[in-house]
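Only one structure is covered here, and it is reproduced in the block below.
The values are calculated or read from the model by the stated rules, or taken from the named source; none is laboratory data. Everything numeric in this text was worked out from a predicted model, so none of it was measured. Cβ sites come from the backbone with ideal geometry, for glycine too, and all protein chains shown count toward neighbours. To get the accessible areas, we keep the full protein, side chains included, count just its heavy atoms, and leave off ligands, DNA and RNA. Shrake-Rupley method; radii C 1.70, N 1.55, O 1.52, S 1.80 Å.
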Amino acid sequence: MSNPLSRERIVEAALCLSTPGGLSCVSMRALAGALGVTPMALYRHFANKDEVLLAVTDTRLRAQRLPSARVGWRSYLRALAFLLRELLRSDPEIIGLYNRQPVTTASARDRLTTAVEVLVRAGFDEGAAVRCYAAVHTYTLGYCSLEAARGRHLGEPGESVTNAATLIRGFVSDDQFEFGLDVILDGMSVAARKISADP
């Protein structure tokens with residue numbers, strides 16, 4: 001008896017197709033071919049390719065080893081930022097997905113919920129905790145989006161580059177990512193107190 005088509009099988013096939021060349025290799029036609037079905041059969045489970053990409057992204061998020069919720073709030077948020085950057089840098093298609101729509105899958109919601117719990121235990125009120133998580137999340141997404149774009153426009157070998165251009169390229173270095181993240185984290189305690197005090 002053949003294995004019936006399911007969301008799980010489709011996601012597994014998408015992950016297999018993306019292994020050599022990334023999610024740009026995944027299309028509804030390619031998925032159908034890999035599964036031995038017609039493309040229309042896939043649309044009974046997913047409305048479009050972005051829904052498939054969301055499910056794949058959720059699987060990739062779930063596979064990451066999250067930090068212990070017992071560490072300090074700063075270490076926890078810092079670790080989450082590095083994990084998100086690792087995921088976003090792994091495939092430009094994932095960056096594109098985050099930029100096209102909110103990623104509100106089960107794994108994404110779990111990250112938000114756990115991060116808020118860590119922050120609340122550290123003394124942040126819930127509203128401030130959500131805003132702090134959002135600040136780190138959106139910083140990381142924006143940084144990785146710029147990083148991916150800059151990576152496609154580094155110039156031709158031997159091209160004359162001004163000092164200013166060299167400095168600007170450094171805006172998307174690993175060191176700059178950490179510097180910006182630490183600046184945000186350094187200011188969070190003060191910002192959270194201000195948010196909590198607002199009527």
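Take the alpha carbon atoms of the stretch 41-75, find their center, do the same for the stretch 105-132, and report the distance between the two centers in whole angstrom.
Here the two parts' Cα centres lie 17 Å apart.
How do the peptides 6-12, 93-99 rank, highest first, by the average count of neighbouring beta carbon atoms within 10 Å per residue?
Values: 6-12: 15.7, 93-99: 18.6.
Per-residue mean Cβ counts within 10 Å order the peptides as 93-99, 6-12.
What does a probe at ALA122 reach in the stretch 45-70, counting residues whose amide N is under 15 Å from the point 7 Å along Cα→Cβ?
Those under the cut-off are 67-70.
Between helix 174-197 and the chain, what is the angle of the helix's C-alpha long axis to the longest principal axis, kept within 0 to 90° and rounded to the nearest 10?
The helix 174-197 is inclined about 70 degrees to the chain.
Tell me the Kirkwood radius of the chain: reciprocal of the mean inverse pair distance over distinct alpha-carbon atoms, in Å.
About 19.1 Å, per the Kirkwood formula over Cα pairs.
Just to confirm the number: angle between the C-alpha axis of helix 49-63 and the first principal axis of the chain, 0 to 90 degrees, nearest 10?
Tilt of helix 49-63: around 60 degrees.
Rank THR57, THR104 by accessible area, highest first, at a 1.4 Å probe radius? Each step should come with its number before you reach the end.
Values: THR57 0, THR104 85 Å².
I get THR104, THR57, largest accessible area first.
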